[in-house]
């Protein structure tokens with residue numbers, strides 16, 4: 001039996017969610033509420049001591065790290081008709097260069113801006129005593145720092161540097177998609193799933209950077225992924241939580 | 001035919017080097033000299049536009065990113081007797097959590113301290129005109145920033161934060177190796193290869209953190225990897241370049 005502990009279909013939680021829907025695997029979804037720090041509660045830290053979603057429970061074995069979970073689903077269910085990993089070793093490597101890049105570079109700069117815009121106002125609305133209590137329950141020190149930065153507002157120079165990286169990332173995606181139908185090569189793979197997890201919605205939240213005029217291949221790719229049956233089913237069945245970046249109230 | 005473009009057997013270059021020696025694959029080694037910025041020369045940027053080693057040429061196809069290269073060698077040569085990736089999907093996932101962690105966390109903090117100690121003095125010995133010329137040839141902006149930081153000396157608070165992460169990383173490795181023979185589980189895998197690439201030598205360069213008294217399981221693991229025939233052959237055949245961290249002249 002497969003149980004996925006996750007937030008709604010955005011960012012890292014989207015990766016295994018979309019992979020499960022694409023492959024047509026039956027699973028139970030346990031959706032946690034980040035607004036009440038549910039992922040830092042003791043019951044969940046018994047499942048993932050890092051207090052991070054997504055986490056997959058497969059017959060009692062726990063697999064963590066969103067990209068690792070996606071490759072796991074390929075390894076554990078080779079009989080499923082839809083494959084999200086190529087067979088050719090060279091193309092697998094190209095896929096992995098792109099899943100690695102989103103995890104090490106692209107996701108972080110987009111995340112900081114998202115935290116500044118959406119998590120910041122939420123974090124500031126929590127009374128100080130309660131906020132400090134919540135911080136004590138976070139296992140990863142860097143996550144505590146991120147929450148504190150969001151609450152007081154990220155420094156201006158940090159936000160500028162992150163926006164530089166966002167622009168560079170978008171230029172890289174646009175360049176690649178202008179020469180290749182999918183990120184990893186001729187086929188739709190986990191490279192697309194994992195980068196879509198971050199890029200989807202940027203045509204609204206980052207409309208000055210991601211738009212049909214400046215990045216036509218990227219917006220076309222975002223539409224093509226959204227049009228896939230598995231993706232449609234996912235968005236039809238699962239709502240995003242209220243913490244999703246809300247560009248209308250953006251402060252950065 | 002396999003050709004590996006690399007530095008000596010340390011850090012990211014060690015990962016595919018050790019994988020090739022472990023698997024007994026024949027390959028040509030093209031060792032670049034970082035002291036003269038050979039990896040930023042035009043001939044090499046035609047092979048890897050990022051100007052980074054290692055890069056593998058397999059019959060004319062280029063694979064980049066050290067960890068991706070290691071998994072590629074598993075995918076491309078499944079007939080080799082020594083496997084560095086388990087067969088069980090759960091154990092593959094555990095291996096990948098560790099290769100991901102070294103790439104996203106452990107390698108960076110150790111690298112900053114290494115750059116401060118070994119690259120800093122070297123960078124400062126280059127005349128300013130020549131240094132600025134070299135900087136213009138580096139394709140990745142973050143690498144330029146790193147070279148400039150090394151030349152002027154990393155800020156004290158950055159070095160302190162990186163040392164905090166080094167200590168946390170070492171504690172994590174020691175805890176894991178006190179409960180498991182190898183990092184990924186019962187077998188020696190790419191999890192060990194990729195973490196060894198960073199941890200090997202820390203019992204000299206970071207002797208106050210990595211030593212038989214405080215981290216007996218970690219130092220034992222370092223010795224066990226060094227004792228493997230493939231590792232012995234690698235170190236016997238290839239010298240590290242003169243840029244390797246030299247603790248005796250450490251400034252941090």
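Structure above, values below:
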read-out	value
Given (1) more than 30 Å from residue B:2 (Cα to Cα); (2) facing chain B (nearest Cβ under 10 Å); (3) buried (at least 20 other Cβ atoms within 10 Å of the Cβ), number of the condition residue A:145 does not satisfy	(3)
Residue that is surrounded by the most Cβ atoms within 10 Å (Cβ to Cβ) [pool: residues in the range B:221-250 that are in contact with a strand residue (DSSP E or B) (Cβ under 9 Å, 6 or more places away or on another chain) and modelled with pLDDT of 95 or more]	B:238
Test: residue in the range B:180-191 that is away from every other protein chain (no Cβ under 14 Å) and part of a helix (DSSP H, G or I)	no
One residue from A:74, A:104, A:116 being within 21 Å of residue A:17 (Cβ to Cβ) and modelled with pLDDT of 95 or more	A:74
Odd one out for residue A:50 among (1) closer than 21 Å to residue A:135 by Cα; (2) over 18 Å from the mean Cα position of the chain (by Cα)	(2)
Flag for residue A:78 being surrounded by fewer than 16 Cβ atoms within 10 Å (Cβ to Cβ), within 14 Å of another protein chain (Cβ to nearest Cβ) and closer than 24 Å to residue A:195 by Cβ	yes
Yes/no for residue B:160 being within 14 Å of chain A (Cβ to nearest Cβ), assigned to a helix (DSSP H, G or I) and either free of Cβ contacts under 8 Å to residues at least 24 places away in the same chain or within 19 Å of the chain's Cα centre (by Cα) (or both)	yes
Any hit, the range B:119-137, residues being buried (at least 18 other Cβ atoms within 10 Å of the Cβ), more than 14 Å from chain A (Cβ to nearest Cβ), closer than 22 Å to residue B:197 by Cβ and in contact with a helix residue (DSSP H, G or I) (Cβ under 9 Å, 6 or more places away or on another chain)	yes
Search result, residues across the range A:24-34 that are more than 14 Å from chain B (Cβ to nearest Cβ) and either closer than 25 Å to residue B:92 by Cβ or at pLDDT below 95 (or both)	A:24, A:26, A:27, A:28, A:29, A:30, A:33, A:34
Number of positions in the range B:35-72 that are more than 27 Å from residue B:124 (Cβ to Cβ), assigned to a helix (DSSP H, G or I) and more than 9 Å from every other protein chain (Cβ to nearest Cβ)	3
All helices (runs of 4 or more DSSP H) inside the range A:103-151 with 1 or more residues being within 24 Å of residue A:200 (Cα to Cα)	A:107-114, A:120-124
Output for the range B:7-34, where each listed residue is free of Cβ contacts under 8 Å to residues at least 40 places away in the same chain and either assigned to a strand (DSSP E or B) or surrounded by fewer than 15 Cβ atoms within 10 Å (Cβ to Cβ) (or both)	B:26, B:28, B:30
Qualifying residues in the range A:85-97 (those that are crowded, with 24+ Cβ neighbours inside 10 Å and closer than 20 Å to residue A:14 by Cβ) - the one farthest from the other protein chains (Cβ to nearest Cβ)	A:95
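The values are calculated or read from the model by the stated rules, or taken from the named source; none is laboratory data. From a predicted model like this one, the values you see are computed outputs, not experimental measurements. Glycine gets a Cβ as well: all are built from the backbone with ideal geometry, and neighbour counts include every protein chain shown.
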